[in-house]
Amino acid sequence: MGIFSHDYTQLPISLMRRGFRTWRLRTKLMVGLIPPVVIILILTGYITIWFSGKFLNEAVKESLEIQTVALAREFEVFLQQCKENLLIIAQGPITRSGFYRFLESRNDTEVSYKEFAYISQSGEGDIFMVSAGEEMISIPAEYVAMISPSPSLLFNNVELKRGESWVSDVIEVVYPSGPKSLGNRKESTRIIRFVTPCFDGNNSQVGFLLLSVNARHLLKILSQFNSPQSPVFARAGGRGPMYGYVFDKEGSILFHSEETRGELKNFSTNAGAHQIQEGALERPGLEFPFRPGYLDKDYWKIVKDVLAGKHGSIRMIDPGEYRKPTNVPHFHGYAPIHFKTAPDRQAIVFGGVVLVKRSNLTLWAGYKQIDVIFVVTLSTIVIISILIFGLSRIITRPVRDLAAAVNQIQETGELQEIILSKYDDETSALQRAINKMIITLKKQMEDIRLKDKRIKRESEREKARLEEEVSVLKKRLESHDIEEIVGFGPVIDAWKADILRAASVDADVLIIGETGTGKQLTAEAIHKHSSRADKPFISINCGALDENLLLDTLFGHVRGAFTEARADRKGAFLAADGGTLFLDEIGMASPRVQQSLLRAISMRKIKPLGSDDEIDVNGRLITATNVDLKELIQEGVFREDLYYRLEVLTIRVPSLRDHKENIPVLVRYFLKQADRLMNKEDVGITRGALEKMKNHDWPGNVRELMNCVTRAVAMAEGKLIHVDDIRLGGVEPVSFPKKSLVGQPVRPEPPTQESDGIPPDLNARQKKAFPFILRKGEITRSEYQNATGNNLPSRTALYDLQDLVKRGLLKKTGRGPATRYCLAKLPDSAG
C-alpha cells in the first residue's frame, strides 16, 4: 500500500479542528455554548407542545361530549313533549271537534303536526287530519287508504298497553293526489309518528291514536343548537368548524345540521358525514338517508356504543382531498337519543346524535408556543452573547492591549519596544518575544533601506519601456476605436461611448469638464463621427472676445451696419450651416449674448447686425463649460432657460486624475509629438521621471501634461528625460503649503521678494486683487471687480475667482448673493 494507505476520511475532521484552533475566543465560546442551549430549549419546547396538545385534545373532547349530551337531551325533550301531547288527547273524547280544540290550544307552540288521526280496529269512525299549510284538513277514508305507508299497518306492528306510547323512525310518507284543499297533488314528507292505544269503558282496545310531526323539527333543533347563537356552542367552541348529524338505530345518517339564519334547506346528508365516510344513499322504504360502509370502523363503533346507551367521543384524522390524511384532527362527540314509552319502563334508544368538531386548536396552540419558544430562544441567545462578549473582553484585554500597541507601531512606522502594565505570565512572555522581534526587524529594515536606496537610484536612471507598458495596458483595457481620444480603460471607454451616442443623433450637446481635459477634442470627435462630418466645424471661444465682437462673430453683419463694416460678414452660425458650431466657455457669455443665443437656438433663425431679415440656420450647436452653470444661475449670471436649451445631451469629460493609468500612453504620444515639432529623434524618459508624472495630480489635466512633456523634451540635453527635467511648478501653488484638489500634499516653494507673497503664475487681474485678499482674508465678486478696476465684467471676475479656487488659493463658501471666497491659508511670507 505504501504512501497510498492514508485514511482520507479523517481529513475534514482534521481541517475542522485546525479551523477551531484559529477562531477567536469569543467565537469559540459562542459555538460551544449557544448551540447546546438552543437544542435544550427546542427539546423542552417540543415536549411541552406534546403534553399541552394532549391536554388540549382531552379538553376539546370533554367539551364536545358535554355539548353532544345536551343536544341529545334537547331531542329527548322534544320527543317527550310530542308523546305527552298524544297522551293528553287520549284522555279526552275522541272526536273531530276535540282534535280541533286541542290544536287551537297549541297554536302558540313552535311545533306543527303533520298528521292527527284516530284509527279504529273496526274500521268505522276513523278520523284522519293532515296539515295543509297552517291548518289541519280532515280527509275522507278513501284517501287514507292510499297513504304510503298506510296507518292501518300499525295494527300489525304495534302492541301497546294503556298509558304506553310508540314512536316510529324517521319515515318518508307519500300522500296521494286528493282534494283541492290538499293541493290536488302528491306530496312526500319525512315524519315521525307517535302512537298510543285507545280503550272503551270496558277497558277494551278499540283503536289507536296517531300523532305525527315533521322531521324538520329535529333538523331545526340540530342546526339551532349547533349555530353560533347557541351558548353551549360558544363555550364548547374552540378554533375550527363544527357540524352535527343524526342517525337511526340502523346506523343510517338521517340529516345534517344547517345554517339557521334563513329558511331551512332540504334534508342533507352530504355536507358533513358524507364528506368523511363512504357508503350508500339508500335504505328500504327510505331513500334519503346515508348509510356508511362497514369499513368505517370508527363510525360503527359510535353506532354500537349509542345502541348500548353510551355516550363519548373519538378523535379522527380528517381525510382531505383524494382521502389523504391532513394534519387537522376532528373530534366526534356522540350520545344516544332515548325515548321512554311508559313511566315504568326503561327508555329505548330512538337514535343517536353526533357532533363533529374540526379543531385546529392544538395546532394553533402549538404555533403560538413555537412563537414563544422562538422569542425565548432568541432572548437566550442575546443574553448569552452579551455575557460571552463581556467575559471575552475581560479575558482578552491583555492580548488586545498588546495588539493595539503592535498596530500603533504599524500605523506610525516607528519600531519602538512595547512597554505595558504588568499582566499575566502568558501575555508578558508574548510581549518579550515581540520586543526581541522588533529589535531584529529594526536592524534588518535599516539594511534593506540602504539596499533599496541604491537600487532605486540605479532604477530611476534606466529608460522607461513605454511601448511595452502601453501594449500591456491596451490588451488589458480594450476601448472603442476613436483615434482622436488617446487612452484606454473604463473611464475613457465611457467617454468614447458618450461621444458615439451623441454623434448618432442630431441634438445639441453640452460638454462639461475642467480646463485642459479635452472639451474641444470631444466636440471635434462628435462632429467627425456624425452625419455632418462633411460639413464645416466652426469653433468660437466665448471667453476670449468682448460682447460686441462676440455678437458680430456669431451672427455676422451687413455692410454699413457700423463704421468699419465695409462688407457683409456671414458670422459663425451661417458659416457652420449644415455642420457644427462649437461654443467654448459658454458661461462667460454676457446677458445680451445669452439672449441672442436663446432666440437663435429656439427659432433656428438669426438676424445679422444691421439687417432686418431673419435667416434660417441648420447647424448643430455644441457648447462647453468648465464652470458650474447651475451656480451661475443661482448667482443670476446665467439664464436658466438658456441652460435647459443647451442641456439636451450632456457629456462629462473626465479629468486626468480619474484615469491616471493612461499617463504612460499620453506621455508616449506627446513624446512623439514633441520629437516631430523639435526635430529630435527617439527622446525617452527614465522610470523615475515617469513615476513622478504618475504621482502628480495634474490640475491642468491633459493640457498640463502635454506642456510638461513638451517643455521637458525642449530642455533635455540628451536622449533621456530625467526626474530633474520634469518641472511641475507651473501649476503648483508655490507659496502655499496646502493640499491639491484631491488632497495630496504639494511641495511649497518660497515666494520671491518681488512677488511679495503673490504666486507668480497668476494673471494680471488676479495679481492686482491679491493684496486685497491677503489683507482682508476673503473677497466677494463685486469687491474683486472694484479691486481690479477698469469696469471688469462680472463674468470675467467670476472666472478669475473660480480659477483661484481650482488652484487651491481660495475656498468658496455660501450660495447665491451670500457667496464669498475665503483665503485657503496665509502664505508663509505673510506671517
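The values are calculated or read from the model by the stated rules, or taken from the named source; none is laboratory data. This structure is a prediction, so every number in the text was calculated from the model and none was measured. A quick note on method: Cβ atoms are made from the backbone with ideal geometry, for glycine too, and the neighbour counts reach across all protein chains shown. Heavy atoms of the whole protein, side chains included, go into the accessibility calculation; ligands, DNA and RNA do not. Shrake-Rupley method; radii C 1.70, N 1.55, O 1.52, S 1.80 Å.
Taking all protein chains as present, what is the carbon and sulfur share of the accessible area of segment 678-726, in % to the nearest whole number, probe 1.4 Å? Before the final figure, lay out each step's value.
Working: 1170 of 2410 Å².
C and S fraction of accessible area: 49 percent.
Which loop-located trypsin sites (Lys or Arg not before Pro) does segment 574-610 contain, where loop means any DSSP state but H, G, I, E or B and the Cβ has at most 15 other Cβ atoms within 10 Å?
Details: sites: R592, R599, R604, K605; in loops: R604.
In loop regions of segment 574-610 (DSSP not H, G, I, E or B), the sparsely surrounded trypsin sites (Lys or Arg not before Pro) are R604.
Can you pull the percent of segment 82-146's accessible area that's carbon plus sulfur, 1.4 Å probe, other chains left in place?
Numbers: 1690 of 3570 Å².
Of all accessible area on segment 82-146, carbon and sulfur atoms account for 47 percent.
So how exposed is F374, as accessible area in Å² (1.4 Å probe, rounded to 10)?
Counting only protein heavy atoms, F374 exposes about 130 Å² to solvent.
Find the accessible area per residue for segment 522-645; the probe is 1.4 Å, ligands and nucleic acids are left out, and the unit is Å².
47 Å²
Pairs of alpha-carbon atoms within less than 8 angstrom and 6+ residues apart define the contacts here; what relative contact order does segment 118-160 have, in percent? Let's see the in-between values first.
On the way: 29 pairs, mean separation 11.5, N = 43.
The value is 27 percent.
Apply the Karplus curve 6.51 cos²θ - 1.76 cosθ + 1.60, θ = phi - 60°, to the phi angles in segment 584-598 and return the couplings in whole Hz, x for Gly and Pro.
Couplings: 8, 6, 5, x, 8, 5, 6, x, 5, 5, 4, 4, 5, 5, 4 Hz.
Taking the Cα-to-Cβ direction at W50 and at E426 and moving 7 Å from each Cα, how far apart do the two end points lie in nm?
With each label placed 7 Å out from Cα toward Cβ, I get 4.2 nm.
What does the net charge come to around D675 if you take all other residues with beta carbon closer than 13 Å to its beta carbon, with K and R at +1 and D and E at -1?
Numbers: positive: R668, K672, R676, K680, K719; negative: E681, D682.
Result for the neighbourhood of D675: +3.
With 30 Å as the limit, write out which pairs from K519/K812; K422/K453; K453/K680; K768/K812 have Cα-Cα distances beyond it, or answer none.
Details: K519/K812 25 Å; K422/K453 41 Å; K453/K680 33 Å; K768/K812 20 Å.
Distance filter (> 30 Å) returns K422/K453; K453/K680.
Would you mind checking the pairs K301/K357; K694/K776; K451/K660; K220/K310 and listing those with alpha carbons more than 26 angstrom apart? Before the final figure, lay out each step's value.
Numbers: K301/K357 18 Å; K694/K776 38 Å; K451/K660 29 Å; K220/K310 24 Å.
From K301/K357; K694/K776; K451/K660; K220/K310, over 26 Å: K694/K776; K451/K660.
Which distance in nm do the two modelled labels at T710 and R820 give, with both placed 7 Å along the Cα-to-Cβ direction?
Those two pseudo-labels are separated by 4.1 nm.
Within segment 560-665, list the chymotrypsin sites (Phe, Trp or Tyr not before Pro) lying in a DSSP loop whose Cβ has at most 13 other Cβ atoms in a 10 Å radius. If you can, show how the numbers build up before the last one.
Numbers: sites: F562, F573, F582, F638, Y643, Y644; in loops: F562, F638.
Within segment 560-665, the qualifying chymotrypsin sites (Phe, Trp or Tyr not before Pro) (loop, at most 13 other Cβ atoms within 10 Å) are F562.
Would you tally the net charge around G814, using a Cβ to Cβ cut-off of less than 12 Å, leaving G814 out, and scoring K and R as +1, D and E as -1?
Working: positive: R781, K811, K812, R815, R820; negative: E631, E635, E778.
Surrounding charge for G814 is +2.
Give the long-range amide H neighbours of F255: residues separated by 5 or more places, or on another chain, with amide H under 5 Å away, using H modelled in the peptide plane at 1.01 Å from N.
So F255 has HN proximity to V246.
Amide H of R652: which non-local residues (sequence gap of 5 or more, or other chain) have their own amide H closer than 5 Å, using H built in the peptide plane?
I512
Quick check: net charge around L387, other residues with Cβ under 12 Å of its Cβ, Lys/Arg +1 and Asp/Glu -1? Intermediate results must be reported in sequence, preceding the final value.
Numbers: positive: R26, R393; negative: none.
Net charge around L387: +2.
Rounded, prolate or oblate: which fits segment 480-521 when a ≥ b ≥ c are the square roots of the eigenvalues of the alpha-carbon gyration tensor, with rounded for a/c under 1.5 and prolate only if a/b beats b/c? Working shown, then result.
Details: a/c = 1.88, a/b = 1.13, b/c = 1.66.
Taking the square roots of the gyration eigenvalues as a ≥ b ≥ c, segment 480-521 is oblate.
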